[in-house]
Amino acid sequence: MARTNKREKLRAMPPVELVIDRLSHEGRGIAHRDDGKIVFVDGALPGEQVTAQVTFTHKKYDEASVLSVQSPSAQRVTPPCAHFGVCGGCSLQHMDPAAQIAFKQTVLVDHLRHFGGIKPQTWLPPLTSPDHSYRRKARLGVRFVIKKDKLLVGFRERQASYLADLDACFVMDPRLGQSITPLKQLIAGLAARDHIAQVEVAAGDELDGLPSVALIFRNLVELVPADVQALTDFCAERNWQCYLQPGNYDTVHRIWPVDGTDRLHYQLLDFMAPTGKGLAMAFHPNDFTQVNAGINQRMVKLALDLLDPQPTDRVLDLFCGLGNFTLPLATRAREVVGVEGVDAMVQRGYENARANGLGNVSFYAQDLTKDFSEQPWASQGFDKILIDPPRSGALEVIPHLARFGAQRVVYVSCNPATLARDAGEMDKAGYDLVQAGVMDMFTHTTHVESIAVFEKRGI
């Protein structure tokens, strides 16, 4: 109640006039009140004069949202999505995409300087792709509002716990983004409409007539046969896979189609398998895969071009997942070892290697935050190493690199702060940061994906 009263008081306060100095790493405008107090302003861009409403107050800073812009920045554009400003899925649609990627490059520069105390010898050009229709995986919340007799499907509202009422999604793959309204109508017609908590959506490439989209419905109660039939019919009409999840992830099970593989696929056509075709990667809808197919295609090619594996090289791929980099590496190197902490991903890696006719690759399950020096796969040296860690980074791995003796390391990062920290540790381990750059995996968000190349000092 006290928090509600505080918010009501803030909303009753008169708006403030602010001049925006720069952007924070979270993409908010930074301004200063007359008394010097910092204000972080959602929806503002550098150089703008804005009228803003304070939404939260803290001892050392305030938070606010733009009400109107008196002098718009040249970087300001009309948001392409009608739900922008309410939906929390995107936060930078008011900013020109070219300015967004320049902002992300600045974030990487700042983190490397602040946390690692270093900078690359050269900067790589940013890796970009179309700024819409790119997102192939998402978790959509579902809520039936009894008082309004209305069903909502979408992402959380910006700075709120409520669901945004979406009709479509501009950044999602059109097969998914343009199906939100039919999906709402489907769930609203179920007897269990108030007991469906979320829908996981995943899409792959069209391949040999196989289903290329999957929906996983999180059902909090057992569904009556009519509801099961409705979900099945919806997906069967579209040739989509349909799953139910009555409990944790172990309870996910497919209800349509009843036969065949429970896999989707994406292709890496720049890499030819021994089968004579481009690599095809199979994945379960719950598996981790990169959400931006266009950037992933270009990222894998860039990473391998930078690593430059030779036909005589033995290459290590750490945090390899289902083989997104491992299998392309195997088309160029003598031998590739992929290491991953999740057993299911190791099995998926072998499955994909067999399907693509690759026999020069092996996978191992290993918690890479623990000591692995005595593991068989780590007992031999490697010519080159690729690292694609989670947001927590690869700090525990770095002390082992000198023993492996790799001449070059390519590091793919989803967190510039941990990349910067690890780059500092790589420097101590005898590796120079020679190249770095950003990749726009999540356009219209402040998420920064980056890539860095390290070379062993003195080679």
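All of the numbers you see were taken from the coordinates with simple rules; none came from a lab. This structure is a prediction, so every number in the text was calculated from the model and none was measured. Neighbour counts run over all protein chains shown; Cβ positions are idealised from the backbone, glycine included.
What is the dipole size for the stretch 54-118, taken about its Cα centre, with +1 at each Lys and Arg Cβ and -1 at each Asp and Glu Cβ, in debye to the nearest 20?
With only Lys, Arg, Asp and Glu charged at Cβ, the dipole is about 140 debye.
Evaluate the charge dipole of the stretch 391-459 about its Cα centre and quote only its size in Debye, nearest 20, assuming +1 on the Cβ of each Lys and Arg and -1 on the Cβ of each Asp and Glu.
In debye, rounded to 20, the stretch 391-459 gives about 220.
Taking every DSSP beta bridge with both residues inside the chain, roughly what % is antiparallel (nearest 5)?
Once the DSSP bridges in the chain are tallied, antiparallel ones form about 65 percent.
Cross-link partners among lysines for LYS104, C-alpha distance below 20 Å, same-chain residues fewer than 8 apart left out?
LYS119
Run the reach check for LYS37 against lysines, Cα to Cα strictly under 23 Å, same-chain hits fewer than 8 apart removed. What comes back?
Partners found: LYS6, LYS9, LYS59, LYS60.
Run down the lysines and flag those whose C-alpha is under 20 Å from the C-alpha of LYS384, throwing out any fewer than 8 positions away in its chain.
The reachable lysines, counting only those whose Cα sits under 20 Å from LYS384, are LYS301, LYS428, LYS456.
Quick check: residue separation of ALA191 and THR261 times 0.36 nm, minus the Cα distance between them. What number comes out in nm?
22.2 nm
For ASP205 and ARG156, what is the calculated FRET efficiency with R₀ set at 22 Å and r taken between the beta-carbons, to the nearest 0.05?
Working from the Cβ atoms, E equals 0.15.
Rounded if a/c is under 1.5, else prolate if a/b is larger than b/c, else oblate: which is the stretch 35-128, with a ≥ b ≥ c the root eigenvalues of its Cα gyration tensor?
oblate
In the stretch 305-368, which trypsin sites (Lys or Arg not before Pro) are in a loop and have at most 15 other Cβ atoms within 10 Å, using DSSP for the loop call?
ARG334
Hey, rough spin-label estimate for LYS370 and THR275, points 7 angstrom out along Cα→Cβ, what's it come to in nanometres?
3.4
Considering only the other residues whose Cβ falls under 10 Å of the Cβ of THR128, what net charge follows from Lys and Arg at +1 and Asp and Glu at -1?
Net charge around THR128: -1.
Name the long-range amide H neighbours of LEU166: under 5 Å, sequence gap of 5 or more, or other chain; modelled H, no Pro or chain starts.
VAL153
Once the dipole of the chain is set up with Lys and Arg at +1 and Asp and Glu at -1 on Cβ about the Cα centre, which of ALA164, PHE217, VAL412 lies farthest towards its positive end?
Sorting the options by dipole projection puts first ALA164.
How long are the semi-axes of the equivalent ellipsoid of the stretch 2-76, taking √(5λ) for every eigenvalue λ of the Cα gyration tensor, in whole Å from largest down?
For the stretch 2-76, the semi-axes come out at 21, 13, 11 Å.
Specify which labelled value, from [x] 23.4; [y] 22.5; [z] 24.2, agrees with Kirkwood radius over Cα pairs in Å derived from the coordinates of the model shown.
Read-out from the structure maps to [z].
Once phi is turned into ³J(HN,Hα) by the Karplus curve 6.51 cos²θ - 1.76 cosθ + 1.60 with θ = phi - 60°, what whole-Hz value does each residue of the stretch 357-362 show in order, with x for glycine and proline?
x, 9, x, 9, 10, 9
Given labels modelled 7 Å from the Cα in the Cβ direction, how far is it in nm from ASN286 to HIS25?
3.4
Roughly how many nanometres apart are two label points built 7 Å out from the Cα toward the Cβ at LEU220 and THR57?
Between LEU220 and THR57, the label points sit 3.7 nm apart.
Could you give me the ³J(HN,Hα) list for the stretch 197-212, computed from phi with Karplus coefficients 6.51, -1.76, 1.60 and θ = phi - 60°, whole Hz, x at Gly and Pro?
Residue by residue, the stretch 197-212 yields 8, 6, 10, 7, 10, 8, 9, x, 7, 5, 8, 6, x, 6, x, 10 Hz.
Magnitude of the Cβ-charge dipole of the chain, K/R +1 and D/E -1, about the Cα centre, nearest 20 debye?
940
Give the residues of the stretch 85-122 whose amide nitrogen is closer than 17 Å to a point set 7 Å from the Cα of ASP167 in the direction of its Cβ.
Hits in the stretch 85-122 for ASP167 at 17 Å: 85-87.
Taking H placed 1.01 Å from N in the peptide plane, check which residues at least 5 places from TRP256 or on another chain put their amide H under 5 Å from its amide H.
Amide H neighbours of TRP256: CYS242.
Mind listing the phi-derived Karplus ³J(HN,Hα) values for the stretch 439-445, rounded to whole Hz, using 6.51, -1.76 and 1.60 with θ = phi - 60°, and x for any glycine or proline?
Each residue's phi maps through the Karplus curve to give 10, 8, 5, 10, 4, 6, 10 Hz.
Quick check on the chain: helices-only [θ] at 222 nm, where DSSP H runs of length 4 and up contribute -39,500 (n - 2.57) each and the sum goes over total residues. Nearest 500, please.
The per-residue figure over the chain is -7000 deg cm²/dmol.
Between the stretch 314-385 and the stretch 230-275, what is the C-alpha centre distance in whole Å?
25
Of VAL39, THR289, LEU23, which is farthest along the charge dipole of the chain in the positive direction, counting Lys and Arg as +1 and Asp and Glu as -1 at C-beta?
VAL39
What residues have an amide H closer than 5 Å to that of LEU124, excluding those fewer than 5 places away on the same chain, when H is modeled at 1.01 Å from N in the peptide plane?
ALA436, GLY437
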